[in-house]
1. Within the range 196-231, restricting attention to residues that are β-branched (Val, Ile, Thr) and crowded, with 18+ Cβ neighbours inside 10 Å, which residue is farthest from GLU245 (Cα to Cα)?
2. Any idea which of ALA105, ALA95, ALA101 is surrounded by fewer than 18 Cβ atoms within 10 Å (Cβ to Cβ) and among the aliphatic types (A, V, I, L, M)?
3. Does VAL192 fit the bill of being more than 22 Å from MET103 (Cα to Cα) and either assigned by TED's automatic domain parsing to the domain that holds HIS275 or more than 24 Å from the chain's Cα centre (by Cα) (or both)?
4. Residues that are in the same structural domain as PRO415 (by TED's automatic domain parsing), of a type in the set (Val, Ile, Thr), crowded, with 24+ Cβ neighbours inside 10 Å and modelled with pLDDT of 95 or more: does the range 53-61 have at least one?
5. Within the range 248-256, identify whether any single residue is closer than 30 Å to SER377 by Cα, of a type outside the set (D, E, K, R) and modelled with pLDDT of 95 or more, and answer yes or no.
6. Which pairs do you get when a residue that is in a helix (DSSP H, G or I), found in the range 440-460, comes within reach of a residue that is not hydrophobic (A, V, I, L, M, F, W, C), reach meaning Cβ atoms under 6 angstrom, with the pair 6+ apart or on two chains?
7. Using the structure shown, decide if VAL428 is surrounded by 24 or more Cβ atoms within 10 Å (Cβ to Cβ) and in contact with a strand residue (DSSP E or B) (Cβ under 8 Å, 6 or more places away or on another chain).
8. Can you tell me which residues in the range 416-433 are touching a Lys or Arg at 6+ places or on another chain (Cβ under 8 Å) and under 23 Å from ARG359 (Cβ atoms)?
Amino acid sequence: MSRPRLLIENVSIAPVVGPEIESGYIWIERDRIVEVGAGPAPDAARVQDGAGDVVRIDGTGCLATPGLVNTHHHLYQWASQGLAQDATLFEWLVALYQVWAAMDADVVKGASSAGLGWLALSGCTTSSDHHYIFPKGRGDLFAAGIEAAREVGIRFHPARGSMDRGESHGGLPPDAVVEELDDILAATAEAVDAYHDPSFSSMLRVVVAPCSPFSASAELMTESAALARAKGVRLHTHLAETLDEDEHCVAQFGLRPVDYMEKLGWLGPDVWFAHTVHLSDADIGKLAATGTGSAHCPSSNGRLGAGIARVSEMLRRGANVGLGVDGSASSELTPLAGEMRQALLFQRARYGPAALTARQALELATLGGARNLGRESELGSLEAGKLADIALWRIDGPFTAAVADPVCALVFGPPPPLARVLVGGRTVVEDGELKTVSQDAAGRAGAEARRRLLRLAEERGFRAAEEVHAGGSMGGEGPSWRDH
């Protein structure tokens, strides 16, 4: 069945690239934007010429932006929100590895359904997912997330993560949640071969993503980079999130995190790192010079007390930055749209009111994210020839209408209601409600995933949920990197 043509009319447009339009139109055929312009659509007869059904969308009172792009997430963590509430990153990981080790494919599917639905409801049309824990005998966890994304209907970049440095080899995670190097490489190659779609309109692209320098061996990092480049896919990992990580890299490898990644061949335009909170001037220079991207996760960094990334300086020096929600267990119920505001406020709190503008924050959430994923020619701006991934925000509400600048209304305040979210011209959200799956069912699936995960964790002898609510104390002085 052919897809109807769409004409969005009478809409305010923030295309990210090019001038903003106070009132204009966006013409869509199949899954692509054909034309963006000011005023009424020219030659109105051509949209009724019998070449196919036309759906007119009245954008009066709405701001059109590119669909938002989430470049760092851990969907399985929807099932473990609210735990270790007062912990540092390493304390939080030590507590929650015990719980996550019990997950199975049903947990991942339910958590992913809820997490992706929640993202779509905040204007997200493309999301990555960094999944790096694969307990044996628990079903196909990677496929479970992919199936949830297919149902919700947003573009998906699942990152096949991995860890091979358990506690017995100087790593942070317990040995029970790490894999053997050969098994990792084989499973990662299989995931790319089975699922990766490099086409322009792709709904699914696979990423190779060892977890972090403190949980992946140098051999895993270098072999993963070689595998990704041989198969033409992108690379992703956590980096420079905390000062503890900085100390660990110096103690274990004699190098700071960015220098260590450079040594391993992990800088380049096919790589983006999550967090990059603790960067030196030289680090920023290396990222900018090599085209290496970053995913900024302000809410998670604040929740875990990791610090404030130097985003404004990175942008000034030409390094690419996108936004990420990060896992829900360190960023509870955070909407991707809200991360624009968080990014803006964090930069201004640290560097002053000129540090980041509303339009720069919007670019982080759209074109910056598309660049991280290698899709800047397809996504991230409203231009002819790009995919019709569009968010329509209601800016005419009784309170929102008091802000004359629609981009300011979107970024400075809480996210406005969504009139519609389109992915490739297909409606995923309409009037604040998911249209591809039952919104209530997705929420219930997430709640059931949490109940199932905690029950499985207790059955396997892991610490019960209430014992990790205390966060950093956890029944005594919280663990640190030096304890492992």
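1. First pass over the range 196-231, keeping only residues β-branched (Val, Ile, Thr): 206-208, 222.
Next, only the ones that are crowded, with 18+ Cβ neighbours inside 10 Å stay: 206-208.
Numbers: VAL206: 27, VAL207: 23, VAL208: 21 Å.
In this case the residue turns out to be VAL206.
2. On the way: ALA95 fails: surrounded by fewer than 18 Cβ atoms within 10 Å (Cβ to Cβ); ALA101 fails: surrounded by fewer than 18 Cβ atoms within 10 Å (Cβ to Cβ).
Within the list ALA105, ALA95, ALA101, the selection yields ALA105.
3. Numbers: more than 22 Å from MET103 (Cα to Cα): yes; either assigned by TED's automatic domain parsing to the domain that holds HIS275 or more than 24 Å from the chain's Cα centre (by Cα) (or both): yes.
Yes: the conditions hold for VAL192.
4. Filtering the range 53-61 down to residues in the same structural domain as PRO415 (by TED's automatic domain parsing) leaves 53-61.
Add one more test, that the residue is of a type in the set (Val, Ile, Thr), and what stays is 54-55, 57, 60.
Add one more test, that the residue is crowded, with 24+ Cβ neighbours inside 10 Å, and what stays is none.
No, that holds for no residue.
5. No.
6. Short answer, once both residue conditions are applied: ALA442/SER113; ALA442/GLY117; ALA445/GLY110; ALA445/SER113; GLY446/GLY110; GLU448/GLY110; ALA449/GLY110.
7. Numbers: surrounded by 24 or more Cβ atoms within 10 Å (Cβ to Cβ): yes; in contact with a strand residue (DSSP E or B) (Cβ under 8 Å, 6 or more places away or on another chain): yes.
The answer is yes for VAL428.
8. Of everything in the range 416-433, those that are touching a Lys or Arg at 6+ places or on another chain (Cβ under 8 Å) and under 23 Å from ARG359 (Cβ atoms) turn out to be PRO416, PRO417, LEU418, ALA419.
The values are calculated or read from the model by the stated rules, or taken from the named source; none is laboratory data. Everything numeric in this text was worked out from a predicted model, so none of it was measured. In this analysis, Cβ positions are derived from the backbone assuming ideal geometry, glycine residues included, and neighbour counts consider all displayed protein chains.
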